[in-house]
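Working notes, beginning with the structure itself.
Quick note: the coordinates plus some simple rules give every number you see, no bench work behind them. Because the structure is a prediction, the values reported are computed rather than measured. Reconstructed Cβ throughout: ideal geometry from the backbone, glycine too, with neighbour counts over all protein chains shown.
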Amino acid sequence: MGCSASQNADAKATRVARWRSTGIVALRDSKLKTFPDEILDLDQSVRTLDLTHNRIRMYFPPNYFIFYLIKSRCCWYSVAGIPMEMSKLINLQRLILAHNLIESLPVNLGKLQSLKIMILDGNRITSLPDELGQLVKLEQLSISGNLLTCLPVTIGSMRNLVILNVSNNKLKSLPESVGSCFSLEELQANNNLIEDLPPSVCNLTNLKSLSLDNNNVKQIPMNLLKDCKALQNISLHNNPISMDQFQQMDGFQEFEARRRKKFDKQIDSNVMISSKGLDEGVDL
């Protein structure tokens, strides 16, 4: 029994040493229910953290300071976690927590100032903290398959964001501030409850792909095709908007030319097209 305990300790020490050496912590499919404490001891060493396909309910261990704010005459509670140890991972660049049971994110998430990629797909997250906007270096945010009903206004502070995926949520709209994500090239918001887009999306001059399948979109900003001169693909399957409406928009001919040019390049490069057909450009 003593030998077994010693072997387990040696194995754990070896694993931690490997993490410290490579900067990569990969614990996919490890049946974890809580955030491993030993990761927090690595401090500045961790650059990639992947905890995909586990049973983690919270982004932080349960031994953090928890403050309860009770609003008088109302059964409403707000729990604000202060995961001080998490903020020590200051060199973390890739955070992958997909397919867990996470319901909320810590308010000091913004302290991870080196973060470039954050993937939170397939959890139970109902809202994002305003501190998300402090992640000014973030280039990719994917939070598909959650329970979001809105996005924080502070998302507009993420000027380096290139890919935003908020598909498969319960969003009724996108915030006006999304138009300040000037580096955005790909916006995926399929399978939500979105009825229209804020006019500010016309400011996304680097936007190449816009996916809004299975929403309630009746119209899109009239200057979208005219102002978003990099736009090559719009997908609007199963929305009330009509093809006639789309074709009458200013800039449609220029958009169509870009779409065809992109498609021609794919053909020239022998890119495989799926049986779905020409799933490029205007999909209504």
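Cα extents for the stretch 98-233 along the principal axes, largest to smallest and rounded to whole angstrom: 39, 29, 21.
Given their separation in residues at 0.36 nm each and the Cα-Cα distance between them, Thr205 and Ile117 gain 29.5 nm when the chain is fully extended. Applying the Karplus relation 6.51 cos²θ - 1.76 cosθ + 1.60 with θ = phi - 60° to the stretch 157-165 yields 3J(HN,Hα) values of 7, 8, 6, 9, 5, 9, 10, 10, 10 Hz, where x marks Gly and Pro. The order of Cys228, Cys150, Cys181, going from fewest to most other C-beta atoms within 10 Å of their C-beta, is Cys150, Cys228, Cys181. Each Lys and Arg Cβ is given +1 and each Asp and Glu Cβ -1; about its Cα centre, the stretch 191-266 then shows a dipole of about 420 debye. Distance between the C-alpha centres of the stretch 197-222 and the stretch 226-264: 11 Å, rounded to the whole angstrom.
Were the residues from Arg124 through Ala17 laid out at 0.36 nm apart, the gain over their Cα-Cα distance would be 35.2 nm. Cβ crowding within 10 Å ranks Asp244, Asp41 as Asp244, Asp41, fewest other Cβ atoms first.
In angstrom, the C-alpha Rg and Dmax of the stretch 157-230 are 11.2, 30.
If the segment from Asp41 to Asn216 were pulled out straight at 0.36 nm per residue, it would be longer than the present Cα-Cα gap by 58.3 nm.
Per-residue 3J(HN,Hα) values for the stretch 237-246, derived from phi via the Karplus relation 6.51 cos²θ - 1.76 cosθ + 1.60 with θ = phi - 60°, read 4, 6, 10, x, 4, 9, 5, 4, 4, 5 Hz in sequence order (x marks Gly and Pro). Between Cys150 and Asp244, the FRET efficiency estimated from the beta carbon spacing at R0 = 30 angstrom works out to 0.45. Give Lys116/Lys218; Lys31/Lys88; Lys137/Lys226; Lys12/Lys33; Lys170/Lys208 a once-over and call out the pairs whose C-alpha atoms are over 27 Å from each other. With Cα atoms farther than 27 Å apart: Lys116/Lys218; Lys137/Lys226. Applying 1/(1 + (r/R0)^6) with r as the Cβ-Cβ distance of His237 and Leu32 and R0 = 30 angstrom yields a FRET efficiency of 0.20. Between Val107 and Asp264, the FRET efficiency from the beta-carbon distance, with R0 = 45 Å, is close to 0.40.
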